[in-house]
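The structure appears below as structure tokens.
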Ligand SMILES: [Zn+2]
């Protein structure tokens, strides 16, 4: 086990807002006045709570109808899966792929990726550095695309409402789905990433096989 010198060993603490290096003894950043904490341990609990809630909400988001479309007096209920199946049947494969990516692949990747590094931090699991960093990059990358899901839903509703005989309304799953997006986003946002760097610092490199564990 090796331990590289960290800021806290030198009595330094980084400001989370303006990135200024402050003395650990200071309670507030000397430049911007933000409260300083050398590690936000509570952020791990907060992140777990948000992530688990999001994972539970994925169930209603997938089993209840996400859209209720009334067309010529007939009401059609569509779940995320049946909606994608419909699009494939209607030969709209590119749109089906976009909807699948936005409403199934992205939320699942986010939840799995976050769970991997929360598990690594909380239970000190010997997950290789490469896997941890891959998970970290996936979440960072997906974060930018998080609005895609809502964008797809609004486009779909706008398209359907263009036909005067049709009326589309979001179903109960839409609320659950929107909460999944929001909560996964918050779970990634609240986590103090310095906890992950601490974890990587005391871990053997993934390229070498751990010998005395
Ligand atoms: Zn500051």
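The values are calculated or read from the model by the stated rules, or taken from the named source; none is laboratory data. Since we're looking at a predicted model, the values are computed, not measured. Cβ placement follows ideal geometry from the backbone for every residue including glycine, while neighbour counts extend to all protein chains displayed.
Looking at 88, 75, 131, just one residue is surrounded by fewer than 16 Cβ atoms within 10 Å (Cβ to Cβ) and in contact with a helix residue (DSSP H, G or I) (Cβ under 6 Å, 6 or more places away or on another chain), and that residue is 88.
With respect to (1) surrounded by 15 or more Cβ atoms within 10 Å (Cβ to Cβ); (2) at pLDDT 90 or above, the lone exception for residue 59 is condition (1). All told, residue 53 falls short of being away from the ligand (no atom under 12 Å from the Cβ), touching a residue at least 60 places away in the same chain (Cβ under 8 Å) and part of a strand (DSSP E or B). Considered as a group, the residues in region 4-22 that are more than 8 Å from the ligand (Cβ to nearest atom) and touching a strand residue (DSSP E or B) at 6+ places or on another chain (Cβ under 7 Å) include one that is nearest to residue 199 (Cα to Cα), and that residue is 7.
Exactly one residue out of 100, 81 is exposed (fewer than 15 other Cβ atoms within 10 Å of the Cβ) and away from the ligand (no atom under 16 Å from the Cβ), and it is 81.
Apart from one condition, residue 33 fits all of (1) surrounded by 13 or more Cβ atoms within 10 Å (Cβ to Cβ); (2) near the ligand (Cβ under 10 Å from one of its atoms); (3) in a loop (DSSP other than H, G, I, E, B); the exception is (1).
On the stretch given as region 159-213, residues that are out of contact with any strand residue (DSSP E or B) (no Cβ under 7 Å at 6 or more places or on another chain) and modelled with pLDDT under 65 total 13.
Restricting attention to region 114-135, the residues being outside any helix (DSSP H, G or I) and over 21 Å from residue 41 (Cβ atoms) number 2.
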